[in-house]
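Input: a single structure, listed below in structure tokens.
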């Protein structure tokens, strides 16, 4: 049976780099929220009240990504998802979708010290390297980092979870 490989972690933890390598190793299709958000909505990104704006569009993108993921899984291929489910409640909602569809799920949780992650984001903003999809200003980095809720014991109990240090 095909797997969903869910990549999670705080901003700057190396999710995109890891997902790219995982995709090569598993010959899996990679679907990344940031790519969708950048392509579809970055030109319309407001300068104020960004979180309300972002949240609505994020939810729409995840619904469409889920439809594509189901098609890929149903065709017998693994899929790698980077969905930015940084809070446990959003992960729980996603787990309900996976469970109701009867799919196999493996979760990869990446992390690195906050200062390392901040340096990575600042470097990525400057160089616009291959994992760059959008500018992440320092204040957004701080807010997103503060919002991160680590994967807890209940998630580990129910699913195959692999913790990856990317220091």
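Any read-out appearing in this document is the output of simple, stated calculations on the displayed coordinates, not a laboratory observation. Keep in mind it's a predicted model, so treat the numbers as computed, not measured. Methodologically, a virtual Cβ is constructed for each residue, glycine included, from the backbone with ideal geometry; neighbour enumeration extends over all protein chains shown.
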- prompt: In this structure, does residue 132 turn out to be under 17 Å from the mean Cα position of the chain (by Cα), closer than 19 Å to residue 7 by Cβ, crowded, with 17+ Cβ neighbours inside 10 Å and free of Cβ contacts under 8 Å to residues at least 12 places away in the same chain?
  reply: yes
query: Can you name the condition, by its number, that residue 132 falls short on among (1) closer than 13 Å to residue 14 by Cβ; (2) outside any helix (DSSP H, G or I)?
result: (1)
Subset of region 1-44 [over 19 Å from residue 163 (Cα atoms) and either assigned to a strand (DSSP E or B) or without any contact (Cβ under 8 Å) to a residue 40 or more places away in the chain (or both)]: 24, 29, 30, 31, 32, 36, 39, 40, 41, 43, 44
field: Residue that is surrounded by the fewest Cβ atoms within 10 Å (Cβ to Cβ) [pool: residues in region 63-73 that are over 23 Å from residue 21 (Cβ atoms) and touching a residue at least 12 places away in the same chain (Cβ under 8 Å)]
entry: 64
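Take the residues of region 82-96 that are in a helix (DSSP H, G or I) and in contact (Cβ under 8 Å) with a residue 24 or more places away in the chain: which is farthest from residue 70 (Cα to Cα)?
To start, the set of residues in region 82-96 that are in a helix (DSSP H, G or I) comprises 88-96.
If we keep only those that are in contact (Cβ under 8 Å) with a residue 24 or more places away in the chain too, we end up with 88, 91, 94-95.
Details: 88: 22, 91: 17, 94: 13, 95: 14 Å.
Ranking the candidates gives 88 first.
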message: Condition first: part of a loop (DSSP other than H, G, I, E, B) and either in contact (Cβ under 8 Å) with a residue 12 or more places away in the chain or at positive phi (or both). Now tell me which residues in region 46-57 satisfy that.
response: 49
query: Do the conditions hold for residue 109, that is, is it out of contact with any helix residue (DSSP H, G or I) (no Cβ under 6 Å at 6 or more places or on another chain), crowded, with 18+ Cβ neighbours inside 10 Å and not in a helix (DSSP H, G or I)?
result: yes
- prompt: From the list 138, 152, 99, 146, which one is exposed (fewer than 12 other Cβ atoms within 10 Å of the Cβ) and under 28 Å from residue 69 (Cα atoms)?
  reply: 152
